[in-house]
Amino acid sequence: MIKKTLFYLFFISTIAFFYVTCSDVQSAKKVYEGKVVKVTDGDSINILIDETQFRIRLAEIDAPERGQPYWKKSREALANYVAGKKVQVFEVAIDRYERIVGQVYVGDVWVNGELVKGGYAYVYPRYATTERLYDFEEEAQESQVGIWKLPESERIRPWKWRKQKRR
C-alpha cells in the first residue's frame, strides 16, 4: 500500500513539474514515451514505441550541423543524455520532414534546456517560445562553455550555415 501511494505521489509530482516548468508541455498535442534507439545529430533522435520508430526533432533549439565545428561534441552530449534511455516527448508540431518536434525529457531532466545550458546547442529564435532558453544561452555564453569557447569566427549559427550551404 505504501509503495503504491509513493508511486502515485511521484507520478503526480512529475506531471506537476512538467506542467509548471515548460509552457510547451501545457500545450502538447500528444505525448510519446519510448526508448531512444538512434541519436542522429545534436538535436535529432529516433525513439522506438511498440516496434515503430519515430523521428524526433528537439524543439526550440538548433545544434551544429555535420561538418560544423562542435557538431560531434553536440551529438555526443545529446547521446549522453538520451542514448538507450526511455524518454518522454511532448509534441509541439510536426515539421516539413514529418518529424515530431518536441520537448524531450529523461525523467525530470529537460534535455532541450540542458543542451543549451551546456553550450551544445543554440536557441533557435525562429521557433523558440520558452524564455528560459535565452537565459540558459546567455549563461553558457558568459561562462564560455561548449560552443561559446570556440573562436567567434567558428560560431556560425546552424540556420545561417545551412543557408550559406544552399547558395
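The values are calculated or read from the model by the stated rules, or taken from the named source; none is laboratory data. What you see is a predicted model; the values in this text were computed from it and never measured. Here the Cβ is made from the backbone with ideal geometry for all residues, glycine too, and neighbour counts use every protein chain on show.
Observations, loosely collected:
- Restricting the range 26-66 to residues that are part of a strand (DSSP E or B) and either in contact with a Cys (Cβ under 9 Å, 6 or more places away or on another chain) or of a type in the set (Asp, Glu) (or both), the residue that is farthest from Gly118 (Cα to Cα): Glu33
- Breaking point among (1) in contact (Cβ under 8 Å) with a residue 12 or more places away in the chain; (2) surrounded by fewer than 19 Cβ atoms within 10 Å (Cβ to Cβ); (3) farther than 25 Å from Gly34 by Cα; (4) not charged (D, E, K, R), for Ala93: (3)
- Set side by side, the residues Glu154, Glu98 differ, and just one is of a type in the set (D, E, K, R), over 16 Å from Asp41 (Cβ atoms), at pLDDT below 95 and surrounded by fewer than 16 Cβ atoms within 10 Å (Cβ to Cβ), which is Glu154.
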